[in-house]
Amino acid sequence: MRTIVLLTISNVFMTFAWYGHLKYRSSPLWIAILASWSIALLEYCFMVPANRIGSYQFSTAQLKTIQEVITLVVFVGFAWFVLGEKLKWNYALSLACLALAVWFAFGVNKTPVPGA
């Protein structure tokens, strides 16, 4: 559970780093870049421990799948609440595709591919 909490916190920071400046388009680009890099540093302070801790419980592919699901959920919430964008059907479809990715990463027979 620590891994998921840390990944969620890191994704909130990263979403703000990547997209938060869009609310302030009149600011000079260099300020947006500096602010984004400052926020991204905080993101790494949560992402690196999340992956380190998670690597004892999950495979790398599973960690990446978890991270992508969290990223999309955080991004949809950010786009809706912070940027005021409307939710669309393709967001729901994207989440459904990620649900399939989770199923493939965690639920399918874990027998290795022969010869791999």
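Within the stretch 87-106, the set of residues being among the aliphatic types (A, V, I, L, M) and either at pLDDT below 80 or closer than 10 Å to VAL69 by Cβ (or both) comprises LEU95, LEU98, ALA99, ALA101, VAL102, ALA105. Consider the stretch 47-83 and keep the residues that are surrounded by 18 or more Cβ atoms within 10 Å (Cβ to Cβ) and of a type in the set (Gly, Ala, Ser). The one that is nearest to the chain's Cα centre (by Cα) is ALA50.
Quick check, is TYR19 touching a Phe, Trp or Tyr at 6+ places or on another chain (Cβ under 7 Å), open to solvent by 60 Å² or more (accessible area, probe 1.4 Å) and not charged (D, E, K, R)?
Spelling it out, TYR19 is indeed touching a Phe, Trp or Tyr at 6+ places or on another chain (Cβ under 7 Å), open to solvent by 60 Å² or more (accessible area, probe 1.4 Å) and not charged (D, E, K, R).
Beta carbons closer than 7 Å, at least 6 apart along the sequence or on distinct chains, never pair a first residue in the stretch 74-100 that is at positive phi with a second that is open to solvent by less than 50 Å² (accessible area, probe 1.4 Å) and part of a helix (DSSP H, G or I).
The values are calculated or read from the model by the stated rules, or taken from the named source; none is laboratory data. Treat the numbers as computed from the prediction; the structure is a model and nothing was measured. Note that each Cβ is placed from the backbone with ideal geometry, even for glycine, and that neighbours are counted across all protein chains shown. Side chains included, ligands, DNA and RNA excluded: accessible areas come from the protein's heavy atoms. Shrake-Rupley method; radii C 1.70, N 1.55, O 1.52, S 1.80 Å.
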